Number of protein chains: 2
Amino acid sequence: MNGAQSLIRSLIGAGVDVCFANPGTSEMHFVAALDDVTEMRGVLALSEGVVTGAGDGYARIADKPAVTLLHLGPGLGNGLANLHNARRANSPVVNIVGDHATHHLPYDAPLTSDIETLARNLEGWIRRSTAAEKVGADAMAAVRAASEPPGRVSTLILPADASWGEGGVVAEALQAPDTPAADPATVQGVVSVLTSGESVVLLIGGRACREPGLRAASRIAVSTGARLFTETFPARIERGAGVPSVERLGYLAEQAEHQLAGAAHVVLAGAAAPASFFAYPDRAGDLVPSGARVHVLADRSQDVVAALAAVADLVAPDTEPMLQEPSRPELPTGPLTLQSWVEVVGALLPEGAIVADEAHTSGLTLPAATAGAPRHDVLTLTGGAIGFGMPVATGAAIAAPDRPVLNLQADGSAMYTVAALWTQARERLDVTTVVLNNSAYAILRLELQRVGATGDGPRANALLDLARPDLDFTKIAEGMGVPAGRATTAEELAEQLRRAFAEPGPHLIEAIVPPLL
Amino acid sequence: MNGAQSLIRSLIGAGVDVCFANPGTSEMHFVAALDDVTEMRGVLALSEGVVTGAGDGYARIADKPAVTLLHLGPGLGNGLANLHNARRANSPVVNIVGDHATHHLPYDAPLTSDIETLARNLEGWIRRSTAAEKVGADAMAAVRAASEPPGRVSTLILPADASWGEGGVVAEALQAPDTPAADPATVQGVVSVLTSGESVVLLIGGRACREPGLRAASRIAVSTGARLFTETFPARIERGAGVPSVERLGYLAEQAEHQLAGAAHVVLAGAAAPASFFAYPDRAGDLVPSGARVHVLADRSQDVVAALAAVADLVAPDTEPMLQEPSRPELPTGPLTLQSWVEVVGALLPEGAIVADEAHTSGLTLPAATAGAPRHDVLTLTGGAIGFGMPVATGAAIAAPDRPVLNLQADGSAMYTVAALWTQARERLDVTTVVLNNSAYAILRLELQRVGATGDGPRANALLDLARPDLDFTKIAEGMGVPAGRATTAEELAEQLRRAFAEPGPHLIEAIVPPLL
């Protein structure tokens, strides 16, 4: 057994059975081993940003890692932006990055570079396998590190000789450690805060955005009057009829300041202390209201859900959570607007959908329009590195083949990783992509004003403008094997969405919408 | 004057007047300043791999840096693969990477990451600007470092507060230092080797692949009988009628071993000692023939061309270089083959063309078919990070608006940075892209065999296969505003190439070719 074979067999033993891959020569023994270990599903993507974003999306839905297969430093580099999002999502992702054979490195061949420098950006786990007999154990350590609460990106650098060398050993699966519980004294302290009669904001994040956490948090809020929000960009939030509907903290500092105004206490459960997404001249970055005290009930490496449940059992023993009633918007008519397209989505979102939301400024009113839709999960842009929507939708669809996936996708962001459509076509994934085409980086028009940049001239605006020429996403999608249509009215969008949800396989709908600005 | 304005004014003073950009919020003051300093041309690209590859292509043709504008760590990450190629090409490139305002970093906002880790992979120059009044001088230092022989990638990290802060100072242009000459004793030593009567290979690279270097090297070869090759992947090689035609060292180790066989001496002039591109089990990585001695006439940080000329004046004072005669293939007919498509290109290549060559296995016979074409430059894949062709062609066209640019582009590699087509359309660049569509990562089929991977089964081959579904590059191109056609015969390719060369603006031709394997 060579190192590559032992690697894949070890992964299978650990329950890791999907590999998103964009391989090169140094990964050829790994590729060949896929015919020896047929339990591993290899999924080819045409660029590394698709590979890593798919790994992130898979992990968010499967709650276990997929592996990514990447080609030396440039392959990891191309994949870094979506790994940054995975890092911020605490998604367990295991990168296998091929490198030259160890004895070949001194020649400084063209593709040689210091791969470790790149991996360090991810602040996760890094190891270089040094021999075939160690590869299995190294892979298992990578899986364990990725899976250890709260989840992280592991990067195993795999020299070609460790891959092709004989003597591979299949490693035994390592148990991921249990998630540590919050300190009971901390729980008691938060109970005191919540029952103090002072104004409290409860800010939840991470695992607390799934149903059990939302239910416990809602009971607390109902019983104590605490204001409840989730972090701005949860990795995965459960929503819809029958689940507590919890508002997200606003992206714009002004929104968040309004939401948090007057709080004497901010209790954090799996969320970071509120801070603005970007800095702006003469505005505070720290969004904790002046004079408010911050209390950490549990951080993400702890069992946030159990901590919330413990608090709820103390402050709200007989209180039921406030569950969202079923409610859908009426199907609108007429030309698409920023309001009407989200109403179409709210009216038609299928039961059990997974929504990969990269709609940016086009989706400002999406949460309200979909709050009472059937139950669904929303995956958001945790790390701010755009180009996540299409790959994450791809990975989510692999993780949940029986669920419809809806990717709400801003036009500018789509173009970073648009090759994901090809993988969706190849794997016949049930992904419906709605590209919100407003011919602009509209969020940057907003930000150009917000940062107080003095210029608003033609040369600046040209860099925020996606017209000249207009992108035609129907042609781009068809060029990658995904059937596509264009919608300019609510009726067209509704008709095309219905069809896309009804038919298996991927579809793309280009919705022509006005820019926010 | 704010920091951003002083930055751009300083760059203009240094002769740097093109900025390839994919900006975000933290770069908005830079963007706004483009309306204050209108000498700087901002060129928007839709993904960072296009930005950095365009910077590389621009530098290879303009012999000076453009700046790239990138958005924090994820932006630099997405751009790393083509910066790796730029590093290997010794292209002077100045990255401006925006970061959060300095006082915002402690909040660890979602886009925060350790940008320096990424920049270190490039082994170039790195600095973080700490205040508005330093930005101009920092930019000038970045330009100087990039331009210092032999050229490198500079990365200036620009916190938003350094950009928006007042007190910017325009820095005076710094002179790049002269290129140091080779040691006269070394020149004499190489003369002794060349006149020893023993078998010598002269391997040239870097600047020696331009006409003056080629002429000097050719004189040496003609006079002494030394075998002359260029490095395998020159950043820029001048070719065609009237220029010495110098064969490149082969990509496959077997080819290179054949070319070098029997040499007692290998003289290096701007090239690294020959080593194989990848390692293979049971094959030597070092391609220097056993027993041969290696002599470094000049490395890339030295004046390689002057050193070659000095040697030539000593060993070949009255010898003329062997210049390539004009000669073009006949226009072939019938279905496209791996031979006929290169003959069409050889028959029609216009005078003064710049060829961005990422044809891989489809272009094995391209050098022979174009050797006697009118004078042209070829830009090659210096670092092995695929996805370089379309962006490099884009940057080259900006650097040389009066020259036709021909991008010979493998299908798989095209998909990493295909959004370059949109920039070509927006800027109305005279780039003709010929996509060699063989529905495969054909080079990996070859490599799968060459690495001795035992498996050659359906699951391995599926990861090397670009069919299911077939990519339709005409639709993808049209979706980005580039007129496109498909050619399946030599006649169709010739007709479409003629039209593309005759009409201004970008064109794409999808040439359907058989895979090598």
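In the set A:ALA226, A:ALA269, A:ALA261, which member is more than 14 Å from every other protein chain (Cβ to nearest Cβ), closer than 30 Å to B:GLY165 by Cβ and modelled with pLDDT of 95 or more?
On the way: A:ALA226 fails: closer than 30 Å to B:GLY165 by Cβ; A:ALA269 fails: closer than 30 Å to B:GLY165 by Cβ.
Checking each option against the conditions leaves just A:ALA261.
Assess whether B:THR52 counts as being in contact (Cβ under 8 Å) with a residue 60 or more places away in the chain and hydroxyl-bearing (Ser, Thr, Tyr). Spell out the reasoning first.
Numbers: in contact (Cβ under 8 Å) with a residue 60 or more places away in the chain: yes; hydroxyl-bearing (Ser, Thr, Tyr): yes.
Here the answer is yes, as B:THR52 does meet what is asked.
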task: Could you tell me which residue of the stretch A:500-517 is nearest to the other protein chains (Cβ to nearest Cβ), considering only residues that are part of a loop (DSSP other than H, G, I, E, B) and surrounded by fewer than 20 Cβ atoms within 10 Å (Cβ to Cβ)?
output: A:GLY505
- prompt: Mind checking which residues of the stretch A:451-464 are surrounded by fewer than 18 Cβ atoms within 10 Å (Cβ to Cβ) and touching a residue at least 12 places away in the same chain (Cβ under 8 Å)?
  reply: A:GLY452
message: Any residue in the stretch B:260-279 that is closer than 24 Å to A:HIS100 by Cα sitting within a Cβ distance under 6 Å of a residue that is acidic (Asp, Glu) and surrounded by fewer than 21 Cβ atoms within 10 Å (Cβ to Cβ)? List the pairs, counting only those 6 or more apart or interchain.
response: B:ALA275/B:ASP286
- prompt: Can you tell me which residues in the stretch A:160-187 are surrounded by 13 or more Cβ atoms within 10 Å (Cβ to Cβ), farther than 25 Å from A:GLU148 by Cβ and out of contact with any Pro (no Cβ under 7 Å at 6 or more places or on another chain)?
  reply: A:ALA160, A:ASP161, A:SER163, A:GLY165, A:GLY167
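Within the stretch B:371-385, take every residue that is among the aliphatic types (A, V, I, L, M) and in contact with a Gly (Cβ under 7 Å, 6 or more places away or on another chain) and give me the one that is nearest to the other protein chains (Cβ to nearest Cβ). Before the answer, list the steps.
Initially, the stretch B:371-385 is screened for residues among the aliphatic types (A, V, I, L, M), giving B:371, B:373, B:378-379, B:381, B:385.
Narrowing further to those that are in contact with a Gly (Cβ under 7 Å, 6 or more places away or on another chain): B:373, B:379.
Details: B:ALA373: 26, B:LEU379: 14 Å.
The selected residue is B:LEU379.
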statement: Filtering the stretch A:280-290 for residues that are without any contact (Cβ under 8 Å) to a residue 60 or more places away in the chain and more than 8 Å from chain B (Cβ to nearest Cβ) leaves a count of 6
- prompt: Residue check, A:GLU343 against (1) over 28 Å from A:VAL434 (Cα atoms); (2) assigned to a helix (DSSP H, G or I), all met but one. Which one?
  reply: (1)
message: Can you find, within the stretch A:412-435, the residue that is farthest from B:THR417 (Cα to Cα) among those that are more than 7 Å from chain B (Cβ to nearest Cβ) and hydroxyl-bearing (Ser, Thr, Tyr)?
response: A:THR432
statement: Subset of the stretch B:163-178, residues at pLDDT below 95 and not acidic (Asp, Glu), comes to B:ALA173, B:LEU174, B:GLN175, B:ALA176, B:PRO177
- line: Within the stretch A:465-483, the count of residues that are touching a residue at least 24 places away in the same chain (Cβ under 8 Å), in a helix (DSSP H, G or I) and open to solvent by 10 Å² or more (accessible area, probe 1.4 Å) comes to 1
Residues of the stretch A:188-210 classified as open to solvent by less than 40 Å² (accessible area, probe 1.4 Å) and touching a strand residue (DSSP E or B) at 6+ places or on another chain (Cβ under 7 Å), total: 13
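Could you grab me the full set of residues in the stretch A:484-499 that are within 12 Å of chain B (Cβ to nearest Cβ) and open to solvent by less than 70 Å² (accessible area, probe 1.4 Å)?
A:ALA484
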message: Yes or no: the stretch B:442-449 includes at least one residue that is more than 8 Å from chain A (Cβ to nearest Cβ) and surrounded by fewer than 18 Cβ atoms within 10 Å (Cβ to Cβ).
response: yes
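Confirm whether B:VAL135 is crowded, with 24+ Cβ neighbours inside 10 Å, touching a residue at least 12 places away in the same chain (Cβ under 8 Å), away from chain A (no Cβ under 14 Å) and in contact with a Pro (Cβ under 6 Å, 6 or more places away or on another chain). Break it down into steps so the answer makes sense when it comes.
Numbers: crowded, with 24+ Cβ neighbours inside 10 Å: yes; touching a residue at least 12 places away in the same chain (Cβ under 8 Å): yes; away from chain A (no Cβ under 14 Å): yes; in contact with a Pro (Cβ under 6 Å, 6 or more places away or on another chain): no.
When the stated conditions are applied, B:VAL135 does not pass them.
Are any of the residues in the stretch A:301-324 within 30 Å of A:ASP430 (Cα to Cα), touching a residue at least 24 places away in the same chain (Cβ under 8 Å) and either in contact with a strand residue (DSSP E or B) (Cβ under 6 Å, 6 or more places away or on another chain) or not assigned by TED's automatic domain parsing to the domain that holds A:ARG445 (or both)?
As a first pass, look at the stretch A:301-324 and keep what is within 30 Å of A:ASP430 (Cα to Cα): A:323-324.
Subsequent filtering for residues that are touching a residue at least 24 places away in the same chain (Cβ under 8 Å) retains A:323-324.
Filter once more, so that each one left must be either in contact with a strand residue (DSSP E or B) (Cβ under 6 Å, 6 or more places away or on another chain) or not assigned by TED's automatic domain parsing to the domain that holds A:ARG445 (or both): A:323-324.
Yes, because at least one residue in the stretch A:301-324 is within 30 Å of A:ASP430 (Cα to Cα), touching a residue at least 24 places away in the same chain (Cβ under 8 Å) and either in contact with a strand residue (DSSP E or B) (Cβ under 6 Å, 6 or more places away or on another chain) or not assigned by TED's automatic domain parsing to the domain that holds A:ARG445 (or both).
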message: Let me confirm something: among B:GLU495, B:GLU510, which residue is more than 21 Å from B:GLU358 (Cβ to Cβ) and not β-branched (Val, Ile, Thr)?
response: B:GLU495
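With B:ASP456, B:ASP470 as the choices, which residue is at pLDDT 90 or above and either under 21 Å from B:PRO514 (Cα atoms) or facing chain A (nearest Cβ under 7 Å) (or both)?
On the way: B:ASP456 fails: at pLDDT 90 or above.
Residue meeting the stated conditions: B:ASP470.
The values are calculated or read from the model by the stated rules, or taken from the named source; none is laboratory data. As the structure is a prediction and not an experimental result, all values here were calculated from the model. As a convention, Cβ positions derive from the backbone with ideal geometry for all residues, glycine included, and neighbour counts pool all protein chains shown. Only protein heavy atoms, including side chains, enter the accessible area calculation; ligands, DNA and RNA are left aside. Shrake-Rupley method; radii C 1.70, N 1.55, O 1.52, S 1.80 Å.
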